[in-house]
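Step one of this worksheet: look at the structure below.
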Amino acid sequence: MSQPALDNLVRIGQLKAEPRNEAEARRMLAMARTRLNDAQLGNLSAEGRFTSAYNAAHAAALAALRWHGYRSENRYTVFQCLPHTLGWSAIQWRILDSAHQKRNLAEYEGFLDVEESTITELCTLVAGLIADAGKLIEN
């Protein structure tokens with residue numbers, strides 16, 4: 001993984017370097033799994049499932065970042081770091097960026113319009129994210 005890229009983000013104030021906290025990374029990964037399970041509950045609203053899937057993605061991406069010894073207060077940056085923490089492609093993390101934009105519209109403007117296909121795609125992507133973070137953290 002690309003440590004220099006993460007260190008550059010520390011220099012410009014986008015990340016904070018902290019000692020690796022494996023216990024925290026494991027807790028975040030467990031939280032991601034729980035939230036992904038919630039996202040797949042058929043009795044929740046589409047908005048609730050989308051939010052749960054998005055939160056699962058954030059928790060898994062943050063777990064990987066914490067495992068590498070960094071922290072960010074910016075959700076976007078956590079996703080942007082995935083090529084450096086898990087070797088994810090730009091295409092993969094940009095899908096999460098799109099979910100982030102939808103989440104922001106919901107949180108800050110009260111507007112969320114998501115289709116079932118979007119939730120399904122997001123859940124599939126998040127399952128892969130959790131698996132990749134699990135390989136990093138649990139091995």
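Among the candidates Asp113, Asp38, Asp132, Asp97, single out the residue that is farther than 22 Å from Gly13 by Cα and modelled with pLDDT under 90.
Asp113
Being touching a His at 6+ places or on another chain (Cβ under 8 Å) and of a type in the set (A, V, I, L, M, F, W, C) narrows it down to one residue among Val78, Val114; which is it?
Val78
Just wondering, is there one or more residues in the stretch 27-36 that are polar (S, T, N, Q) and either more than 19 Å from Thr124 (Cα to Cα) or outside any helix (DSSP H, G or I) (or both)?
Looking for residues that are polar (S, T, N, Q) and either more than 19 Å from Thr124 (Cα to Cα) or outside any helix (DSSP H, G or I) (or both), one finds none in the stretch 27-36, hence no.
Can you tell me how many residues within the stretch 9-26 are of a type outside the set (A, V, I, L, M, F, W, C) and assigned to a loop (DSSP other than H, G, I, E, B)?
6
Across the stretch 93-135, what is the number of residues that are more than 17 Å from Arg35 (Cα to Cα), among the hydrophobic types (A, V, I, L, M, F, W, C) and part of a helix (DSSP H, G or I)?
4
The values are calculated or read from the model by the stated rules, or taken from the named source; none is laboratory data. Here the structure is a predicted model, which is why all the values come from computation and not from measurement. Note: ideal-geometry Cβ built from the backbone for every residue, glycine included; neighbour counts use all protein chains shown.
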